[in-house]
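Participant: Sharing a structure with you now.
The values are calculated or read from the model by the stated rules, or taken from the named source; none is laboratory data. What you see is a predicted model, and the numbers here were worked out from it, not measured in a lab. Virtual Cβ from ideal backbone geometry, glycine too; neighbours counted across all protein chains shown. Note: areas computed on protein heavy atoms with side chains; ligands, DNA, RNA excluded. Shrake-Rupley method; radii C 1.70, N 1.55, O 1.52, S 1.80 Å.
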Amino acid sequence: MWRSCLRLRDGGRRLLNRPAGGPSASMSPGPTIPSPARAYAPPTERKRFYQNVSITQGEGGFEINLDHRKLKTPQAKLFTVPSEALAIAVATEWDSQQDTIKYYTMHLTTLCNTSLDNPTQRNKDQLIRAAVKFLDTDTICYRVEEPETLVELQRNEWDPIIKWAEKRYGVEISSSTSIMGPSIPAKTREVLVSHLASYNTWALQGIEFVAAQLKSMVLTLGLIDLRLTVEQAVLLSRLEEEYQIQKWGNIEWAHDYELQELRARTAAGTLFIHLCSESTTVKHKLLKE
Amino acid sequence: MAALGSPAHTFRGLLRELRYVSAATGRPYRDTAAYRYLVKAFRAHRVTSEKLCRAQHELHFQAATYLCLLRSIREHVALHQEFHGKGERSMEESAGLVGLKLPRQPGGKGWEP
């Protein structure tokens, strides 16, 4: 079933025409043998304790009901989200749990919980600063000097995105091969801070989350402005890894596992940003008419 | 953005993922709130004037992002269950993962001539 991700990744990308499956990708782990006594016990997953998941509109927004109980956050606050689409996506997450609740797959719920509880007690300015900090160590600004093919690959794939961001925001972003990283002008940071200030705290939580996943603020901006799809952004973020995979082979239980997790997290964060900043766009449109 | 493909393609992909999702409850996916919402949203933005074109594009982007989310989670869970969900592996299994086999003693384990 999951072998389709090999096909998925190759879809339309010119730089990934490696043979299907690496040297060990086709290995199956063989028949299951009962594990020995000192087996590491994976963290317990809670049993699915509800049958039906539904949505109700309350005062503060949309709420999730598990049977007749209201969903709460870890800090026991009522779980309310501002947009209907987000509520439906969260409800779908809860409804898709088979037998046990797998919290590590419920990225949208996690993001909503973080926004509601704000466990790190940060205000808007701190969130913006945390996000902009990723610009100083932006993945796509760090370049290698050898091997020649990887240098070329990084130039061909990353430069257009940097150029786009420079044009879109009217700023200067440079790349560097030094370990100290590129020097980002203070002006660039100012422009970005004032741009991010237009987002609400929910969207900012999402922006910081996505930047932390991709290790790149520029790619995050590409996702916010619909310049990149999630698949493209993840590919660009993992460019060197993809290059090494192409050279040395793909390992399903490490590379594909990380790829799918990164994609899921990035997609959740991106969707979260868009759904949480939507109300402002709608207002904007109404004003225009 | 050409990378998104056609909206119909994204919509079909979403329906397929919803079918997987609803396998957890055993109820038909057409009864879910997600299905109703998606159908409504795709219908509302099917025909648009020039002015709303950006909205249609935005919706399609969100739909494609959601499709990517559902698909990646499904594949991630499958990989997790196959490789990470069962605790520690036996020696044979670990060797098998990297394409090796344990040596076989002709007279059984611990056999010495």
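Participant: Can you check how the C-alpha radius of gyration of segment A:154-289 compares to 2.2 N^0.38 Å, as a plain ratio?
Facilitator: 1.16
Participant: Sticking with this one: Chains A and B: buried accessible surface, both sides, probe 1.4 Å, rounded to 100 Å²?
Facilitator: 4900 Å²
Participant: Here's another thing I want to ask about it. Between segment B:1-38 and segment A:92-145, what is the separation of their alpha carbon centroids in Å?
Facilitator: What the calculation gives is 25 Å, centre to centre.
Participant: Let me ask another. Could you compute how fast segment A:53-117 diffuses translationally, taking Rh as the Kirkwood radius over C-alpha pairs and applying Stokes-Einstein at 37 °C with viscosity 0.692 mPa s? Give it in µm² per second.
Facilitator: 279 µm²/s
Participant: While we're here: Rounded, prolate or oblate: which fits segment B:7-84 when a ≥ b ≥ c are the square roots of the eigenvalues of the alpha-carbon gyration tensor, with rounded for a/c under 1.5 and prolate only if a/b beats b/c?
Facilitator: It comes out oblate by the Cα gyration axes.
Participant: Calculated FRET efficiency, B:Gln105 and A:Tyr103, Cβ-Cβ r, R0 41 Å, to nearest 0.05?
Facilitator: My answer for the efficiency is 0.35.
Participant: Cβ under 10 Å from A:Ile184's Cβ, A:Ile184 left aside: what net charge do those residues give with Lys, Arg +1 and Asp, Glu -1?
Facilitator: After counting each charged neighbour, the total is -1.
Participant: Starting at the first residue of segment A:242-253, write each ³J(HN,Hα) from the Karplus equation 6.51 cos²θ - 1.76 cosθ + 1.60 with θ = phi - 60°, in whole Hz, x for Gly and Pro.
Facilitator: Taking θ as phi minus 60°, the curve returns 4, 4, 5, 4, 4, 7, 10, x, 9, 10, 4, 7 Hz for segment A:242-253.
Participant: Also, quick follow-up: For the pair B:Ala95/A:Asp67, report the inter-label distance in nm, with labels modelled 7 Å from Cα in the Cβ direction.
Facilitator: Distance between label points: 4.9 nm.
Participant: Residue-wise, which Karplus ³J(HN,Hα) couplings in Hz belong to segment A:109-122, taking 6.51 cos²θ - 1.76 cosθ + 1.60, θ = phi - 60°, and x for glycine or proline?
Facilitator: 4, 4, 5, 5, 4, 4, 5, 6, 7, 6, x, 8, 6, 9
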